[in-house]
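**Student:** Let me give you the structure first, and then I'll get to my questions.
No value in this document is a laboratory result; all are computed from the given coordinates. Being a predicted model, the structure only gives us computed values, none of them experimental. A quick note on method: Cβ atoms are made from the backbone with ideal geometry, for glycine too, and the neighbour counts reach across all protein chains shown.
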Amino acid sequence: MIYLGSDHGGFALKETIRQHLEKQGLAVTDCGNTVYDDADDFTSFVTPVVQGVLSQPDNRGILVCGTGIGVSIAANHHVGIRAALVHSVDYARLARQHNNANVLCLGGRFVEEHVALAAVDTFLQTEMDTNPKYQRRMALACGEK
Ligand code: RB5
């Protein structure tokens, strides 16, 4: 299951991503906002996305705000979440291969739509690199060793 969330700064891109994923027949849960509300706070949508991602190991999250910074800061407060702020397809690939990211964060005001959609596809289709050095580094980064 892929959990989506955004505030007003990411709303348009989040809607486009949801449609893009649904067209591919992927299972998507939209955690909101479900309407454009320029007074909403990105934090309202991070918690349900995080809860969904943590409920099954293979679940993924996609969070969008204006810059992607706020949602990535908020998501990374949660143990077990590895949220990566991504600006390109290469960032998305490396976020999976080297960092085993389970949440993709995007800046709706700064990333072009076609780049964002390609980054989403890459994020969902790429596995972590099996080289133990990446496992070791992420265990250290997440305070597991
Ligand atoms: C909202 O205006 C904006 O501050 C928010 O979407 C995000 O960019 C925060 O990091």
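**Student:** Considering amide H positions built from the backbone, and no H for Pro or chain starts, which residues 5 or more places from Tyr3, or on another chain, come under 5 Å of its amide H?
**Tutor:** Residues meeting the criterion, in which the H sits 1.01 Å from N, are Thr29, Arg60, Gly61, Ile62.
**Student:** Return the Rg/Rh value of segment 1-75, two decimal places, where both radii are evaluated on C-alpha atoms and Rh is the Kirkwood radius.
**Tutor:** Answer for segment 1-75: 0.95.
**Student:** Quickly work out the Arg137-to-Asp58 label distance, labels modelled 7 Å from Cα along the C-beta direction, and quote it in nm with one decimal.
**Tutor:** 2.7 nm
**Student:** Farthest toward the dipole's positive end in segment 57-130, which of Gln125, Gly70, Ser88, given Cβ charges of +1 (Lys, Arg) and -1 (Asp, Glu) about the Cα centre?
**Tutor:** Gly70
**Student:** Report, in whole Å, the centroid distance computed from the Cα atoms of segment 129-145 and segment 79-125.
**Tutor:** 19 Å
**Student:** What nm value, rounded to one decimal, do you get for the distance between Lys23 and Glu113 when each label is placed 7 Å out toward the C-beta?
**Tutor:** The answer from the label model is 1.0 nm.
**Student:** Right, here's the next one. Please list the three semi-axes, largest first and in whole Å, of the ellipsoid equivalent to segment 11-51, using sqrt of 5 times the eigenvalues of its alpha carbon gyration tensor.
**Tutor:** Listed largest to smallest, the semi-axes of segment 11-51 are 20, 13, 6 Å.
**Student:** What ³J(HN,Hα) values, in whole Hz, does the Karplus curve 6.51 cos²θ - 1.76 cosθ + 1.60 give for segment 97-111 when θ = phi - 60°, with x put for Gly and Pro?
**Tutor:** So the Karplus estimates, Gly and Pro as x, are 5, 9, 10, 6, 4, 10, 9, 9, 10, 10, x, x, 8, 10, 10 Hz.
**Student:** Can you tell which of Gln97, Thr29, Val115 lies farthest toward the positive end of the dipole of the chain, using +1 and -1 charges on the Cβ of basic and acidic side chains (Lys, Arg; Asp, Glu)?
**Tutor:** So the residue furthest toward the plus end is Gln97.
**Student:** Turning to a different aspect of this structure: Against the empirical 2.2 N^0.38 Å scaling, what ratio does the C-alpha Rg of the chain come to?
**Tutor:** Dividing the Cα Rg of the chain by 2.2 N^0.38 Å gives 0.97.
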